[in-house]
Amino acid sequence: MQQPAEGAAETAARQAPPQGPAAPGRPQGRPRRGNLPDVLFRATTLFFAGLVLLLILAIGTVLFAQAHLAFSHFGLKFLWTKQWDPVRDSFGALPSIFGTLVSSFLAILIAVPVSLGIAIFLTEMAPPWLQKPVGLAVEMLAAVPSIIYGMWGLFSFAPIVARHMEPWLKHHLGFLPLFQGPPMGIGMMTASIILAVMIIPFITSITRDVFALVPAMAKESAYGLGATTWEVVRNVVIPYTRTGIVGAIFLGLGRALGETMAVTFVIGNAHDISLSLLSPSNTISSTLANEFTEATSHLYVSSLIALGLILFLITTIILSVAKLLLWRIERQVVGSVR
Amino acid sequence: MIVRRMRELARWMAPLVLLGMGVPLGAQAHLMLHGGGATFPFPLYAKWSYEYARFTGERFNYQSIGSGAGIEQMRHHIFDFGASEAPLDAEALSRSGLIQFPMVIGGVVPVVNLPGIAPAELKLTGPLLADIFLGRITSWRDPRIMALNPHLRLPPLEISVVTRADGSGSTWLITRYLGEVSADWRLKVGNGPSVRWPVGMASKGNEGVSSYVKQTTGSIGYVEFTYARQNGLATVLLQNRAGGFPLPGRASFLAAAAKAEWQGPERSPKGLTDQAGEGAWPIVGASFILIARDQPDARRAAALLSYFDWCFHDGKRFVDELDYVPIPEPIVHQIEAAWAAHIRVGGRPVWPLAQPPAKSNG
């Protein structure tokens, strides 16, 4: 907010309802004494809220306890060992961690511009008769079960990728290490694109909702000053809704990290690390989906649960970072208003 | 109001429902038994339960959750029976109080997707197959493959290896075979329901492998034979121990099973891979059933054994229909003798049954 060019944003921020500790919220304090329904109501809601915390704690504890065998056997080396050999009971998590992070990152990379584009079109540019059907269509995407995405990806999309997209990429960008190996249509790239399609509805519907919260006054003022639609979006809408956008992206990321069925179908399930986006890879959740039923030795089961624990921690860390980011942005916005 | 209407409806419907199920009023309710495990024989087990339920009314619910899961459930005696391709060893059997016997025999076939190559045209030997799956042979125009197939025009393609991602009996069988024909395979990979594949991509289930192979030109994978036939995949001719190249199918699976022996319900039997017979397909194996030695309930135990007895005899025609191979008659006799000797309810034998099993109720 330092540049004067972003003055419009500041105007927008001023329109924002006051935030932060000074906010005059709902009246604080306990319910009046002797009002039994109120006390009961309070206790019930507290109980339900506490249940969630308890559940998360229980999940963490169980994962930790069951993963103990794997960690005591392999040590922290488990995190950066590449080998995954059920016959010799020798396990390492690195390929699965790598695959999880890379596929989710690529999915976000594809999904964010598309989602923002859809949301901006829907809120700023679409004629009213088009807003409802397009918005509904995007939300319908979120209702498609992930196994359907997986089967569609395997039977319809992967052949298209193999026959058209990958040969094109290899022809034009084949000198990059990113596009090596035979074009099979199965691998990191296909998985990331499918993941992107799956998280687009989430990011889109949240960003659309927060875009709709931008006060008309702020936008109209900018238009009144002669700003184009692009300038209004760039300088008013996006700065005003940054918190919401970041939140939406992290929600999408959370979903991408844990997505199982669709990825399992198209990623190729190889315990291997490759720079090439065309080669088969693996994620934590697809490894679990594939191997849990046949894991017979205690160490095998424990290593799979250790993978689950790692995913749990990755998600926790990413959500915490998201919260931290949001908190800092919020503080900045509040600070710039004062 | 609504309740009364529902009740009326129920009164009208009840006889119809009973009639539909063919249950004479007053008869004992039919049992529902649970089993689960191997995916490899699933099409057959599903067919058997369906036909048996039509025939007797007793229902057998089979869940193809994987051999490992089947074994695990049987260890805790959750299912009435489990199924697995990898037989348990004597120690594991006695510790869990289980016995095992073979139920059906089937074959695994390598399949390829090569332009211009029809089913059963490409010839490979065991060591060649091992080297392909080890990633040592990477091109279809490798001199060793060309020398074995002088009449074929092999395309200049890279070999893409496709394997099973989930643990499975098919993987157990093919890795066992590859270990028998290649010392390097034994050393580097080994034998198990899931292994560390040196190269390639993996897909879930026989269906997943079939579709990966179908979609990838230049690929080679392995599936249970029925899936290869149903999906029209190009099977490979594999050289057997006698030096021949038998066609994969019922005849060659039967030839492999001809000399099969059974070591009894408490021991791990010898495998059927890489058999010596002239026309024997080299990747053949049995699917085993696990049941508890001490059964908790006499009626359930009797139902279980009469079901398996039906499968061995009347159910045989479905085995042929689905391209599996039935267990040879002498071994069936040994198995039923073992039931008589080992299976007990409260210390008393169950088999042979006091009354013959319930037959069709028309």
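The values are calculated or read from the model by the stated rules, or taken from the named source; none is laboratory data. If you're wondering where the values come from, they're calculated on a predicted model, not measured in any experiment. Ideal geometry is used to build each Cβ from the backbone, glycine not excepted, and the neighbour counts take in all protein chains shown. For the accessible areas, the whole protein counts, side chains as well, though only heavy atoms, and no ligand, DNA or RNA atoms are used. Shrake-Rupley method; radii C 1.70, N 1.55, O 1.52, S 1.80 Å.
Summary table below
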read-out: Averaged over A:282-290, number of beta-carbon atoms from partner chains that fall within 10 Å; value: 2
read-out: Antiparallel bridge percentage (DSSP; both residues within chain B; nearest 5); value: 60 percent
read-out: Difference of contour (0.36 nm per residue) and Cα-Cα distance, A:LEU79 to A:ARG163; value: 26.6 nm
read-out: Separation of the A:LEU53 and B:HIS76 label points, Cα + 7 Å toward Cβ, nm; value: 3.1 nm
read-out: Percent RCO, i.e. relative contact order, over segment A:58-139, from Cα pairs under 8 Å lying at least 6 residues apart; value: 14 percent
read-out: Using distinct alpha-carbon pairs, which all enter the 1/r mean, Kirkwood radius of segment B:204-351 in Å; value: 17.6 Å
read-out: Reference-scaled alpha-carbon Rg (2.2 N^0.38 Å with N residues) for segment A:144-210; value: 1.32
read-out: Mean Cβ neighbour count within 10 Å, used as a protection proxy, ranking A:128-135, B:174-181, B:109-116 highest first; value: B:174-181, B:109-116, A:128-135
read-out: Cross-link reach list, aspartates and glutamates versus B:LYS270, counting only Cα pairs under 15 Å and skipping chain neighbours closer than eight places; value: B:GLU85, B:ASP89, B:GLU180, B:GLU261
read-out: With Cα atoms, 0 to 90° folded angle of helix B:42-56 axis to chain B main axis; value: 20 degrees
read-out: At 1.306 mPa s and 10 °C, Stokes D of segment A:153-302 from Kirkwood alpha-carbon radius, µm² per second; value: 87 µm²/s
read-out: Dipole in debye (nearest 20) - segment B:255-336, about Cα centre, beta carbon charges: Lys, Arg +1; Asp, Glu -1; value: 220 debye
read-out: Fluctuation leader among A:ILE249, A:ILE59, A:ILE206 - chain A, Gaussian network, Cα springs under 10 angstrom; value: A:ILE59
read-out: Fluctuation leader among B:SER168, B:SER219, B:SER84 - chain B, Gaussian network, Cα springs under 10 angstrom; value: B:SER219
read-out: Taking N as its residue count, the alpha carbon Rg of segment B:81-184 over 2.2 N^0.38 Å; value: 1.39
read-out: At least 20 Å along the helix axis (C-alpha) and Kyte average at least 0.0, DSSP helices within chain A; value: A:36-74, A:94-120, A:128-143, A:188-212, A:238-258, A:298-337
read-out: Histogram of C-alpha separations across the protein assembly as shown, 20 Å bin width, %; value: 15, 38, 31, 14, 2
read-out: Residue with peak Gaussian network fluctuation, chain B [Cα springs, cutoff 10 Å], from B:SER67, B:SER160, B:SER94; value: B:SER94
read-out: Whole-angstrom Cα spans of segment A:194-265 along principal axes, big to small; value: 52, 18, 14
read-out: C-alpha center-to-center spacing [segment A:284-303, segment B:77-101] in angstrom; value: 20 Å
read-out: Rough spin-label spacing in nm, given labels placed 7 Å along Cα→Cβ, for A:LEU275 and B:ALA120; value: 4.8 nm
read-out: Solvent-accessible area buried by B and A, counting both chains, probe 1.4 angstrom, square angstrom; value: 2200 Å²
read-out: Charge dipole (debye, nearest 20) of segment A:207-277; +1 at Cβ of Lys and Arg, -1 at Cβ of Asp and Glu; value: 160 debye
read-out: Ranked by how many other beta carbons lie within 10 Å on average, peptides A:75-88, B:48-61, A:188-201 from highest; value: A:188-201, B:48-61, A:75-88
read-out: Relative contact order of segment B:103-202, defined on C-alpha pairs under 8 angstrom at six or more residues apart (%); value: 30 percent
read-out: Share of Cα-Cα pairs in segment A:39-85 lying beyond 15 Å, as whole percent; value: 63 percent
read-out: Farthest positive-ward along the protein assembly as shown dipole, Cα basis, beta-carbon charges - from A:ALA162, B:LEU173, A:PHE121; value: A:PHE121
read-out: Surface accessible to a 1.4 Å probe, B:LEU322 within the full protein complex, Å²; value: 30 Å²
read-out: Two-site label geometry, B:ARG300 and B:LYS259: point separation in nm, points 7 Å out along Cα→Cβ; value: 4.2 nm
read-out: For a label point 7 Å along the Cα-to-beta-carbon line of A:HIS172, residues of segment A:141-166 with backbone N under 16 Å; value: A:161-166
read-out: Shielding by partners - mean other protein chain Cβ count within 10 Å, residues of A:153-162; value: 2
read-out: Student exercise, the protein assembly as shown dipole from Lys, Arg, Asp, Glu Cβ charges, in Debye to nearest 20; value: 1620 debye
read-out: Principal semi-axes in Å for chain A [√(5λ), Cα gyration tensor, largest first]; value: 40, 31, 18
read-out: For B:162-172, mean number of other protein chain Cβ atoms within 10 Å; value: 4
read-out: Relative contact order [Cα under 8 Å, 6+ residues apart], segment B:27-75, whole percent; value: 51 percent
read-out: Highest to lowest packing among A:210-218, A:303-311, scored as the average C-beta count within 10 Å; value: A:303-311, A:210-218
read-out: Centroid-to-centroid separation of segment A:232-255 and segment B:227-289 [C-alpha atoms, Å]; value: 61 Å
read-out: Chain B - Rg (one decimal) and Dmax (whole number), Cα, Å; value: 23.1, 83
read-out: The protein assembly as shown, accessible surface, carbon-and-sulfur percent (1.4 angstrom probe); value: 64 percent
